[in-house]
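First the structure, in the form of structure tokens, and then the observations on it.
Derivation of every value follows stated rules applied to the coordinates shown; laboratory data play no part. None of the values given here were measured: they were computed from a predicted structure. Cβ atoms come from the backbone with ideal geometry, glycine included; neighbour counts cover every protein chain shown.
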Amino acid sequence: MRVAVCISGRGSNLEALIKALPPGSPAEVVLVISNRPKAGGVFLAQGHNIPTHILADPADPAEWLTVLKAHDVGFVVLAGFLKKVPEPVLTEYRWRIINIHPSLLPNHGGPGMYGMHVHRAVLARGDHESGASVHLVTAEYDEGPVLARMRVPVQAADTPEELAARVLKAEHKLIVDAVLAAAAYKGRAVSFNLAER
Ligand code: GRF
């Protein structure tokens, strides 16, 4: 399965995928898409000789579909990608675009809920657990059906940074398992229970 990973930032989830999916794996990262030319994930991809594409206009479906087709991409992962995917792309890649989010959705998702904002909200509400979620991407931020979640405990004295680091470790496991699960179903994203795997 040929996978494109879309990023806007440092790309640690991208790195987890690249490491877990060497050439010959059932899924392989063949393209990295970014809206930011200087995002850490872009340099990371270049260091691994993975083709990169910087979107001139993230809202232009034709640009997306041209680059995805040019690289024969069958599955798309949003990993810290902060723009919306245009609807015609969602339609063309129905069931084949997933996002990773650093909370137990449906808690703490939606517009503006990204990065440290999420972890601050978890602590402010006094939640005893947080985690990572993988969901299908739809037209609204973080609203598509949740496919898999992985729980992590919140410690009483956690700072947002400490919680973020703990959740990020879970993300790195969950994203790899989600992509491998999709590869096992011929590129169709499927729900699974991490605890049972
Ligand atoms: C992750 O927490 C991810 O869940 C969220 O953005 C962050 C990206 O981190 N959507 P990285 O760029 O993969 O390191």
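Tabulated values for the structure
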item	result
Residue within segment 43-50 that is more than 16 Å from the ligand (Cβ to nearest atom) and either within 17 Å of the chain's Cα centre (by Cα) or free of Cβ contacts under 8 Å to residues at least 40 places away in the same chain (or both) present	yes
Odd one out for Arg166 among (1) touching a strand residue (DSSP E or B) at 6+ places or on another chain (Cβ under 8 Å); (2) more than 13 Å from the ligand (Cβ to nearest atom); (3) basic (Lys, Arg)	(2)
Only one of Leu17, Leu82 that is touching a residue at least 40 places away in the same chain (Cβ under 8 Å), within 11 Å of the ligand (Cβ to nearest atom) and out of contact with any helix residue (DSSP H, G or I) (no Cβ under 8 Å at 6 or more places or on another chain)	Leu82
Selection within segment 94-151 - of a type in the set (Val, Ile, Thr) and in a helix (DSSP H, G or I)	Val118, Val122
Residue satisfying condition, being closer than 25 Å to Phe192 by Cα and buried (at least 22 other Cβ atoms within 10 Å of the Cβ), within set Val146, Val118, Val152	Val118
Top-ranked residue in segment 98-129 [being of a type in the set (Val, Ile, Thr) and within 12 Å of the ligand (Cβ to nearest atom); ranked as farthest from Leu168 (Cα to Cα)]	Ile98
